[in-house]
Amino acid sequence: AQSVTQLDSHVSVSEGTPVLLRCNYSSSYSPSLFWYVQHPNKGLQLLLKYTSAATLVKGINGFEAEFKKSETSFHLTKPSAHMSDAAEYFCVVRDPKDTGRRALTFGSGTRLQVQP
Amino acid sequence: NAGVTQTPKFRILKIGQSMTLQCAQDMNHNYMYWYRQDPGMGLKLIYYSVGAGITDKGEVPNGYNVSRSTTEDFPLRLELAAPSQTSVYFCASRRGVEDTQYFGPGTRLTVL
């Protein structure tokens with residue numbers, strides 16, 4: 001069975017400094033991986049996804065993530081944080097062998113705070 | 001194109017009451033999902049549907065029922081509300097050939 005572990009429950013950065021949100025996955029096969037963002041009292045929005053094409057994936061709002069099979073990681077980064085980036089971020093995996101329901105498995109989330 | 005819509009946004013129920021959470025999508029997606037999100041946790045799958053007339057259980061189906069009579073609508077029914085069902089409920093949909101799920105804004109339910 002596949003799973004994801006988000007290594008930090010809270011991350012605090014200053015505006016204009018880099019963001020790093022860490023995610024490790026566990027899967028017997030090459031998985032599909034996603035990052036979703038949830039702003040306060042809002043639904044979830046897809047930031048980016050990896051589906052076995054390029055290992056460096058670019059998403060919306062300047063975010064990107066790198067798939068590293070040797071480290072089973074899919075960390076999310078952004079060069080310069082903006083106040084509007086403050087939100088909850090979820091790393092998500094889909095088991096490629098689950099061709100039926102294609103359900104997503106969510107990490108527990110990382111809350112990003114951006115200080116002025 | 002409204003995407004995925006959910007009603008109501010908020011609801012407070014008493015123990016033992018019943019209610020239906022509504023979910024609709026206008027993207028002609030065949031797959032639809034219901035998740036619940038407990039505080040400080042990721043989302044857990046309650047039920048899903050691969051098309052009209054076809055539904056199946058997810059990880060945490062107990063206490064819930066669903067139906068899918070049309071492609072657009074996927075209501076979630078709570079028959080006897082319990083405090084353990086206090087949560088935020090998200091509906092999602094996707095096209096058959098894609099992995100990306102599109103989420104609604106959520107329904108925040110409190111059972112007292």
* Asked: Within segment B:39-51, is there a residue that is surrounded by fewer than 14 Cβ atoms within 10 Å (Cβ to Cβ) and touching a residue at least 40 places away in the same chain (Cβ under 8 Å)?
  -> no
* Structure fact -> Scanning segment A:84-116 for residues that are crowded, with 22+ Cβ neighbours inside 10 Å and aliphatic (A, V, I, L, M), the one farthest from the other protein chains (Cβ to nearest Cβ) turns out to be A:93
* Structure fact -> The one condition residue B:100 fails out of (1) more than 14 Å from every other protein chain (Cβ to nearest Cβ); (2) surrounded by fewer than 17 Cβ atoms within 10 Å (Cβ to Cβ); (3) under 18 Å from residue B:3 (Cα atoms); (4) in contact with a strand residue (DSSP E or B) (Cβ under 8 Å, 6 or more places away or on another chain) is (1)
* To do: Answer with yes or no whether residue A:53 is within 14 Å of another protein chain (Cβ to nearest Cβ), free of Cβ contacts under 8 Å to residues at least 12 places away in the same chain, more than 22 Å from residue B:58 (Cβ to Cβ) and more than 10 Å from the chain's Cα centre (by Cα).
  => yes
* What residue, among those in segment B:1-39 that are part of a loop (DSSP other than H, G, I, E, B) and of a type in the set (Lys, Arg), is farthest from the chain's Cα centre (by Cα)? -> B:14
* Asked: Filtering segment B:58-80 down to residues that are touching a Lys or Arg at 6+ places or on another chain (Cβ under 9 Å) and part of a loop (DSSP other than H, G, I, E, B), which residue is farthest from residue B:7 (Cα to Cα)?
  -> B:59
* Asked: How many residues does segment B:81-112 hold that are closer than 17 Å to residue B:36 by Cα, of a type in the set (A, V, I, L, M) and assigned to a loop (DSSP other than H, G, I, E, B)?
  -> 2
* Asked: Among the numbered criteria (1) within 11 Å of another protein chain (Cβ to nearest Cβ); (2) touching a Leu at 6+ places or on another chain (Cβ under 7 Å), which single criterion is violated by residue A:39?
  -> (2)
* Asked: Can you pull out the residues in segment B:81-97 that are of a type in the set (Ser, Thr, Tyr) and buried (at least 18 other Cβ atoms within 10 Å of the Cβ)?
  -> B:87, B:89, B:93
* Structure fact -> Counted residues in segment B:35-72 being among the aromatic types (Phe, Trp, Tyr) and more than 11 Å from every other protein chain (Cβ to nearest Cβ) come to 1
* **Filter result for the condition that a residue is closer than 30 Å to residue B:96 by Cβ and of a type in the set (A, V, I, L, M, F, W, C), over A:104, A:112, A:20, A:7** => A:104
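Bear in mind that the values in this text are calculations on the coordinates, not laboratory data. No experiment lies behind these values; they were computed from the predicted model shown. Note that each Cβ is placed from the backbone with ideal geometry, even for glycine, and that neighbours are counted across all protein chains shown.
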